[in-house]
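The values are calculated or read from the model by the stated rules, or taken from the named source; none is laboratory data. Computed from a predicted structure; not experimentally measured. Don't worry about glycine lacking a Cβ; one is built from the backbone with ideal geometry, like all the others, and counts go over all protein chains shown. Keep in mind that these areas ignore ligands, DNA and RNA; they rest on the heavy atoms of the full protein, side chains included. Shrake-Rupley method; radii C 1.70, N 1.55, O 1.52, S 1.80 Å.
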Amino acid sequence: MTNYKRIVILFLMVFATFTLLSCDFFKSNTTTTEATSTTIITTTTSDQSTSITITTTDWTTSESTLTTTTIPTTTYDTTAGGTITTTTTTTQTTTTTTTTATTTYSNEARIEITVPSNLVYEINEQVDFTGMVVTFFDAQDNSQILNETDYQVSGVDTETYGQKTITVTYGNYEAYFTIQVNLPSYYWNAMNKSGNTLFLALRTIVNSGFSGVSYGDARYILDETDMDPNNTANLIQVYSGASVTGVWYCPTTNDCNWNREHVWPQNRLPVSASNSVINMASDLQNLKPASASLNSSRGDKYYDWTTTTVSYEPRDEVKGDLARILLYMIVMYDELSLVDGSPNPDNLEMGLFSVLLEWNAFDPVDDFERNRNEVIYSYQHNRNPFIDYPEFADLIWGE
């Protein structure tokens, strides 16, 4: 090899070492805790060419993220009569980081975590700690792998979505790692949204795949959606709470054993209800079984905390149910609106909006309501998002 080639190789190796010492270039945008970079320098030499390839591992971070590192690869070609030509190519490598920061020390002692294999969950899914290793290091850096009974784990919450911090405690020592709790795939488009952005995302979701049933079909579905869990042959009437036979029976016209109540009153809708028609008036989410007398006395009154000539107060046990139905209706149908004051039927208004938001918190979702949502989904292929996630109301309309 000529002295010229040796000089070139030596220069490249020095340049590579200098670049690695300036390792900020290789860091990801995520918060770093400790550099655990590994460098591999490979040099090959022949009469035809000389090349140097440099690769590095990613840095350990305080969360598990998918990062992309760009690695330059430069080849020096001396095949053209001793003339050096330079070409530069770029390759990409993807690394998932799995180590978290150690946050408490005592006399230089600490605990460190190798995080579990699974860090992504859906709401209400049980966290799996398979693969997690907790190691104690004393002041002399001697290590001991702890048993599961030696430490405590707190912050395990999958009831709401978002990033959750899980804390591992051993005596006076703590370390942390994060998991991501996601909404089910039906609601993915609603993730990390709020206000009108979330409102419009939910509108797209509940309308996508929607396949309505006729108003006539509802006569033979509401006995399933509102079935009495203690007597499956019966249904629960919404306003009275009475358990009556679920069989649709009308001995005479307009004299049925129960009625199909429009929670958003029919005369506040832009369409009429007809047994053979599928439209807004036949949406199962807005229909509840009710006694004929209470259906009549409620009429088209808006909901409030008191019953007057213009307002109606339902029993406490269904205040939240009715509120979430009306919230669904303004998401599903852009013609409708909820207001405070005196809702105008000509403007397709219903209310009272502030009261309904109060009722959403006052009467939480129960198993009866959840089952109703599942049954309706099986028929018309959409869900009431405020039953699945009542907190959506605060994210959209909260202060």
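Listed values, structure above:
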read-out	value
Interchain or long-range residues, amide H under 5 Å from Asp363's placed H	Gly320
Kirkwood-Stokes translational diffusion coefficient of segment 117-261, alpha-carbon pairs, 20 °C, 1.002 mPa s, µm²/s	103
Within straight-line cross-link reach of Lys193, aspartates and glutamates at Cα separation under 19 Å, skipping those fewer than 8 residues along the same chain	Glu122, Glu159, Asp388, Glu391, Asp394, Glu399
Linear extension gain, Ser272 paired with Ser185, 0.36 nm per residue minus alpha-carbon span	27.9 nm
Kirkwood Rh in Å, taken over segment 259-380 so that all alpha-carbon pairs contribute	14.7
Peptides 146-159, 108-121, 277-290 ordered by average Cβ neighbours within 10 Å, highest first	277-290, 108-121, 146-159
Label-point separation in nm, Tyr249 to Ile123, each point 7 Å along Cα→Cβ	4.0
Label-point separation, Thr135 to Val153 (7 Å along Cα→Cβ), nm	1.9
Whole-Hz couplings from phi, Karplus 6.51/-1.76/1.60, listed for segment 376-384; x for Gly and Pro	4, 4, 5, 9, 10, 6, 9, 10, 8
Residues of segment 243-294: accessible area per residue with a 1.4 Å probe, Å²	42
